[in-house]
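Read through the structure below, which is laid out as structure tokens, and then see the notes.
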Amino acid sequence: MEEKKLGWAVVGLGKFATEQLIPAFSDCKHSKLVALVSGSPEKAERLAAEYGLEAQNIYNYQNYDTLKDNPAVDVIYIVLPNSLHAEYTVRGAQAGKHIMCEKPMATSVEDCQQMIAACQKAGKKLMIGYRAQYETYNLKAIELIRNGKIGKLKLITSDHGRPLKPDQPEDKWRADKKLAGGGSLMDIGIYSLQATRYLTGEEPIEISAMKSSTPGDPRFKEVEENINFTLRFPSGVLANCSSSYGFFEVKRFQAFGSEGTLTLDPATDYDEHNLTLKTDAGTEEIKLNGNNHFAAEIDHFSVCILENKTPKTPGEEGLQDIKLMMAIYEAAEKGQPVKVG
């Protein structure tokens with residue numbers, strides 16, 4: 001297995017794919033980039049030349065299904081606008097390929113279930129790209145909390161925000177509800193939600209929420225700007241979370257325990273993380289050797305395929321987040337708590 005590298009095709013060549021995911025393959029031990037799928041022939045050809053890919057391994061959205069005839073491709077990584085995830089996952093599975101799909105998994109519970117069913121029917125694995133669950137500092141935060149370093153966990157706060165810039169190509173589709181499925185919650189709020197789930201190791205049982213948008217701001221004709229939500233967990237832990245497309249960039253969480261607090265700020269940056277532990281013993285800045293979490297998640301999936309194991313973040317993980325985000329929207333619309341679980 002040490003020498004076996006699975007071939008990957010990346011579908012969608014936006015900024016995230018070209019600046020983060022594709023370069024990460026150089027750090028992979030079990031995965032290699034072999035194909036590209038794009039609606040821009042010029043961009044695909046330029047990247048293919050840059051990464052030494054063969055010209056016949058460049059595809060577009062019309063001939064996407066012919067990936068089934070390419071034995072060099074074992075895995076398809078879907079990096080498209082949210083509402084397209086379901087279609088390209090189903091078609092990819094029907095082409096006989098394993099599927100990695102970016103988060104959020106889809107824009108509805110029904111689409112998530114369809115994606116899971118399609119991969120099961122094809123006998124192929126499905127994984128959702130939750131990179132924070134493969135990142136060194138986030139993993140350390142989970143370990144410290146589970147090992148009781150801050151005593152009994154009582155409360156989590158988690159906030160993610162950045163200005164939405166629809167004039168930029170990478171943000172234009174995010175202002176379109178049909179493509180995005182929602183606003184800040186569907187894009188960056190999922191990080192706040194995810195943090196509460198992996199830090200507690202629990203699923204919430206009740207959700208309250210409020211949402212708002214700046215009156216007259218043309219960016220938010222279709223999608224929400226701000227959303228705040230509170231989760232109640234079975235152990236009694238509460239989580240206060242926020243996401244915003246309006247305020248200055250923030251990517252943080254804080255865990256409050258009976259004997260200390262833990263802060264990761266930034267928590268979900270691409271390459272910068274600051275982890276602080278405060279207890280009666282004092283304040284400790286924890287320094288770790290960071291990892292390429294994009295390469296880590298890609299290789300994790302390849303190893304799971306090679307060893308026939310279930311990935312850490314399978315389709316069911318993505319489905320759960322969509323169920324919870326739909327409940328957050330419901331609670332915000334109703335103005336009252338929603339029971340979940």
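Note on the range 176-312: with charges restricted to the Cβ of Lys and Arg (+1) and Asp and Glu (-1), its dipole about the Cα centre is near 380 debye.
With semi-axes defined as the square roots of five times the eigenvalues of the C-alpha gyration tensor, the equivalent ellipsoid of the range 128-266 measures 29, 15, 12 Å, largest first. Seen from P337, the other residues with C-beta closer than 11 Å to its C-beta sum to a net charge of +1, counting Lys and Arg as +1 and Asp and Glu as -1.
Mean residue ellipticity at 222 nm, helices only, the chain: -9000 deg cm²/dmol; runs of at least 4 DSSP H residues each add -39,500 (n - 2.57), and the sum is divided by the number of residues. Compactness of the range 283-340 is given as radius of gyration and Dmax, 18.0, 48 Å, from Cα positions.
Rounding to the nearest 10 and keeping the result within 0 to 90°, find how far the Cα-based axis of helix 136-146 lies from the longest principal axis of the chain. With both axes taken from Cα atoms, the answer is about 40 degrees. Only alpha carbons enter this Debye calculation for the range 73-201, each as an equal point scatterer, and the log10 of I(q)/I(0) it gives at q = 0.13, 0.19 Å⁻¹ is -0.66, -1.08.
Once the gyration tensor of the Cα atoms in the range 245-341 is diagonalised, the equivalent ellipsoid follows with semi-axes of 27, 26, 15 Å, ordered largest first.
Diffusion coefficient of the chain by Stokes-Einstein, Kirkwood radius over Cα pairs, 4 °C, 1.567 mPa s: 62 µm²/s. When the convex hull of its Cα atoms is viewed from all sides, the range 1-153 shows a mean projected area of 11.1 nm². The calculated FRET efficiency for D65 paired with E222, based on their beta-carbon distance and R0 = 22 Å, is about 0.10.
The C-alpha atoms of the chain define a longest principal axis, and helix 190-200 lies at about 60 degrees to it.
Taking one quarter of the surface of the C-alpha convex hull of the range 71-114 gives a mean projected area of 2.8 nm². Extension gain, K15-E110: 0.36 nm per intervening residue step, less the Cα-Cα distance, totals 31.4 nm. Taking 0.36 nm per residue of separation and subtracting the Cα-Cα distance, full extension of the segment from K154 to K178 would add 4.9 nm.
Of all lysines in the structure, those lying under 25 Å Cα to Cα from K177, and not within fewer than 8 positions of it along the same chain, are K15, K103, K165, K211, K221, K251, K323, K334. Under a model in which nothing but the beta-carbon of Lys, Arg (+1) and Asp, Glu (-1) is charged, the range 107-171 shows a dipole of about 520 debye around its Cα centre.
The distance from the alpha carbon centre of the range 211-225 to that of the range 1-68 is 36 Å, rounded to a whole number. Length available on full extension from Q120 to A72: 0.36 nm per residue minus the Cα-Cα distance, which gives 15.1 nm.
When W8, W173 are arranged by Cβ crowding within 10 Å, least crowded first, meaning fewest neighbours, the order is W173, W8.
The orientation-averaged shadow of the Cα convex hull for the range 174-250, equal to a quarter of the hull surface, comes to 5.4 nm². Across the alpha-carbon atoms of the range 40-104, the computed radius of gyration and Dmax are 12.0, 31 angstrom. Shape descriptor for the range 185-304: Rg over Rh equals 1.01 (Cα atoms; Rh from the Kirkwood inverse mean 1/r). Positive-end ranking of V37, Y64, V237 along the dipole of the chain, with charges on Cβ about the Cα centre, is headed by V237. Packing, taken as the mean count of other beta carbons within 10 Å per residue, orders the peptides 85-97, 213-225, 257-269 from highest to lowest as 85-97, 257-269, 213-225. Other residues whose C-beta falls under 13 angstrom from the C-beta of M326 contribute a net charge of -3, scoring Lys and Arg +1 and Asp and Glu -1. Taken about its Cα centre, the chain carries a charge dipole of roughly 580 debye when the Cβ of each Lys and Arg holds +1 and the Cβ of each Asp and Glu holds -1. Our summary gives the range 204-295 a relative contact order of 16 percent, counting only alpha carbon pairs under 8 angstrom and 6 or more residues apart.
Quick note: the coordinates plus some simple rules give every number you see, no bench work behind them. This one's a predicted model, so the numbers in the text were calculated from it and none came from an experiment. In this analysis, Cβ positions are derived from the backbone assuming ideal geometry, glycine residues included, and neighbour counts consider all displayed protein chains.
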